[in-house]
Amino acid sequence: MKTIQTPDSCFVDLEDYPYEAHYIDVDGLRIHYVDEGDSSAPPVLMLHGEPTWSYLYRHMIPVCVAGGSRVIAPDLVGFGKSDKPVDKHDYSYQRHVDWMAGFVQALDLSAITLFCQDWGSLIGLRVAVENDDRFERIVIGNGALPTVDGRTRPPLPNAMAFLAWRTFATYSPVLPVSRIVNTGCLRTLSPGERRAYDAPFAAPESMAGARAFPKLVPISPRDPAVPANRAAWDALGRWHKPFLTVFSDRDPIMRGGERVFQRHVPGAAGQPHSTPHAGHFLQEDTGPDLARQINELIAASPAS
């Protein structure tokens, strides 16, 4: 597997991102992560999606740290400062799950509160239920777990919008990352923020992961990820630990998707679910408020 690393010089003086870089080897790949707060405190694991990286969580990290948590925000393989396989065929749904499960195990994390969005949800929910002894709570915003059998309104709540995005990401000769992120926000990103989202993709070959992601979402019963996703969905039906949904009201793809989780997951009953006024990237539109909701959930549900 041929990989590249985005030069460190691309990440110099990024706006509102003062965090020290940490790296760990998983399956021969270097994964970057932010690690802030008391190292002995229970962690909040923040998983990003497409085509972002840990920069997405810059406004949530300090609020959760102030609330007493250790915050860990990795860059998925192919994104941010993590290693980037240059062949899009080297990416698969299962490999992403294995890489993140390996990351959690390598850091020996436990009593985890997961916050996941977009592909962070497709990966994070699998990692959580397949390693449920390490996880205490789940908070999901604008995410899904496609099973392609009607139980999660396959493939996603608003399929046509997703399919249009999938076609664009696959065939467009240019993938304007910062413009894509800005389109998914209600607010307008600053020039410095747009530079930060473009920073990981300094060379065309560094975009293989971002190009691969949309086609990895299961939309056919024959997709190799479907059996594991169905098993994970069944496991969520037995998840009694706290499960909070924070789906935004202006997400063109995921809007309304919280209802299927609230009906299915026992741990969602009685939780203070919210509908933030935000776009797809709710971390950009309402990040500090989301972080405060995480703090409140942790305070209201001490680890067993």
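Cross-link partners for Lys84 among the aspartates and glutamates, with Cα-Cα distance under 15 Å and sequence neighbours closer than 8 places in the same chain left out: Asp8, Asp25, Asp27, Glu50, Asp75, Asp198, Glu205. For the stretch 48-66, backbone nitrogen atoms closer than 20 Å to the point 7 Å from Arg195 Cα along Cα-to-C-beta are found at 52-59. Springs join every pair of Cα atoms under 10 Å in this Gaussian network model of the chain, and among Ala21, Ala231, Ala199 the largest mean-square fluctuation is at Ala21.
Given a cut-off of 26 Å, name the pairs among Lys215/Lys241; Lys88/Lys241; Lys81/Lys241; Lys81/Lys215 whose C-alpha atoms lie farther apart than that in the structure shown.
Numbers: Lys215/Lys241 32 Å; Lys88/Lys241 36 Å; Lys81/Lys241 33 Å; Lys81/Lys215 23 Å.
Beyond 26 Å: Lys215/Lys241; Lys88/Lys241; Lys81/Lys241.
Quick one: go through the stretch 86-110 and flag any residue whose amide nitrogen is under 14 Å from the point 7 Å out along the Cα-to-Cβ line of Asp133. What the label zone holds, given the 14 Å backbone N cut-off, is 105, 108-110.
With helices as the sole contributors, the chain gives -10500 deg cm²/dmol at 222 nm; each DSSP H run of n ≥ 4 counts as -39500 (n - 2.57), and the sum is divided by every residue.
Taking the DSSP bridge list for the chain and keeping only pairs wholly inside it, about 40 percent are antiparallel.
Globularity index of the stretch 1-114 is 1.04 (Cα radius of gyration / 2.2 N^0.38 Å, N = number of residues). With kT/(6 pi eta Rh) evaluated at 25 °C and eta = 0.890 mPa s, and Rh the Kirkwood radius from Cα pairs, the chain diffuses with a coefficient of 129 µm²/s according to Stokes-Einstein.
For the stretch 54-66, putting each phi into the Karplus relation 6.51 cos²θ - 1.76 cosθ + 1.60 with θ = phi - 60° gives couplings of 4, 4, 4, 9, 4, 8, 8, 4, x, 5, 5, 5, 4 Hz, in residue order, rounded to whole numbers and with x for Gly and Pro. Note on Ser92 and Arg222: the model spin-label points, each 7 Å out from Cα along the C-beta direction, lie 1.6 nm apart. Here the relative contact order of the chain, from alpha carbon pairs under 8 Å that lie six or more residues apart, stands at 21 percent. For the stretch 122-250, taking the reciprocal of the average inverse distance between every pair of different Cα atoms yields a Kirkwood hydrodynamic radius of 16.7 Å.
Where a number appears in this text, it was derived from the coordinates with a stated rule and is not lab data. Since we're looking at a predicted model, the values are computed, not measured. Reconstructed Cβ throughout: ideal geometry from the backbone, glycine too, with neighbour counts over all protein chains shown.
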